[in-house]
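Shown next, in structure tokens, is the structure this report addresses.
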Amino acid sequence: MVNENRFWHAFLLPYELAVSGFIIKLESLRKEFLFKKVNNPIESISGRVKTVSSILEKAERLGIDFHNIAEGIYDIAGIRIICKYQQDVYKVYELLKARKDIEIFLVKDYIKDPKPSGYRSLHLITKYEVEMVDGRVPINIEFQIRTYAMHLWASIEHSLKYKYYRNIPEEIKERLLAASKVTAQLDEEMAGIRQSIDEIIVDKVRPEEYELDNIGLLLDNINKRW
């Protein structure tokens, strides 16, 4: 048992370092947008590292051999970015694509092509090298980028999946799908409002507030339950 715990601690440490590091990097980027008083596409950032039980359950469900877990499970480390507007989701995508420290090797656009359940979000699967004492360790990180409306729907669906052990009753599935269409309409309307606002020329606009928080508070976002 002791050896097993040591194995998992060593295995998960690079992922934990990567998640905490990226929360700080992205929060700093968000603050720079606010400081420069330009349109800020990032509303909030959170992250988590899967638990051992969750990793093993997913490996079994997907038929992934134990020795291939690091390569076969893309979301052991996860970063979630919430945006106000749908167009901001793709702006964040461009920001991440331009970074030199990650390589995006798979894009899953569930906004343009929602899942049958109605789930919408933009997923980026990336490769990242973590600087460790003994050298660099390559890992995968999944970035989920979504609007508030998408996040509300996904959070409710996730809790229902947990409650019903992934077997949500058909009636509830149908209502969730209908609700997803409503959230899509909301996002479209809000995107239209944002576009109209951008086209209006006014003399004075109140900028979003910029606050320099204690950097330690950023780490409170790590391992929030998704």
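The values are calculated or read from the model by the stated rules, or taken from the named source; none is laboratory data. The structure displayed is predicted, hence computed values, not measured ones. Because the Cβ atoms are built from the backbone with ideal geometry, glycine has one as well, and the counts that use them run over all protein chains shown. Protein only, heavy atoms only, side chains kept; ligands, DNA and RNA dropped before computing areas. Shrake-Rupley method; radii C 1.70, N 1.55, O 1.52, S 1.80 Å.
Using r as the Cβ-Cβ distance of E131 and I193, and R0 as 45 Å, what FRET efficiency do you calculate, to the nearest 0.05?
In this case the efficiency is close to 0.55.
Translational D (Stokes-Einstein, µm²/s) of the stretch 28-74 at 4 °C and 1.567 mPa s when Rh comes from the Kirkwood sum over C-alpha pairs?
In µm²/s, the coefficient rounds to 96.
Taking Cα atoms of the chain, Rg/Rh with Kirkwood Rh, to two decimals?
Numbers: Rg = 19.2 Å, Rh = 19.3 Å.
Using Cα coordinates only, the ratio equals 0.99.
How far is helix 148-163 tilted, in degrees, relative to the longest principal axis of the Cα atoms in the chain, given as a value from 0 to 90 rounded to the nearest 10?
Roughly 30 degrees between the two axes.
If you take the square roots of the eigenvalues of the alpha-carbon gyration tensor of the stretch 1-50 and sort them as a ≥ b ≥ c, do you get rounded (a/c under 1.5), prolate (a/b over b/c) or oblate? Could you put the intermediate results ahead of the total?
Working: a/c = 7.31, a/b = 4.18, b/c = 1.75.
The shape class here is prolate.
Using Cα-Cα distances under 8 Å and only pairs 6 or more residues apart, what relative contact order does the chain have, in percent?
Numbers: 306 pairs, mean separation 55.2, N = 226.
Across the chain, relative contact order equals 24 percent.
Regarding the stretch 129-184, what are the three Cα extents along the principal axes, ordered largest first, in Å?
53, 26, 11
Heavy atoms only, probe 1.4 Å: what % of the accessible area of the chain goes to carbon and sulfur, would you let me know?
55 percent
Given a 1.4 Å probe and the protein chains all in place, what does the accessible area of R99 round to, in Å² to the nearest 10?
70 Å²
Taking only protein heavy atoms and a 1.4 Å probe, what accessible area per residue, in Å², does the chain have with all protein chains in place?
Result: 63 Å² of accessible area for each residue.
If you find the alpha carbon centre of the stretch 18-52 and of the stretch 65-112, how far apart are they in angstrom?
The two parts, judged by their Cα centres, are 13 Å apart.
Of K127/K181; K108/K181; K31/K97; K37/K108; K58/K97, which ones are farther than 22 Å apart at the Cα?
In this structure, K127/K181; K37/K108; K58/K97 exceed 22 Å between Cα atoms.
Express in Å², to the nearest 10, the accessible area of I197 obtained by rolling a 1.4 Å probe over the protein heavy atoms while all chains stay in place.
Approximately 90 Å² of I197 is accessible to the 1.4 Å probe.
Restricting to the chain, what percent of DSSP beta bridges are antiparallel, rounded to 5?
That works out to approximately 75 percent antiparallel.
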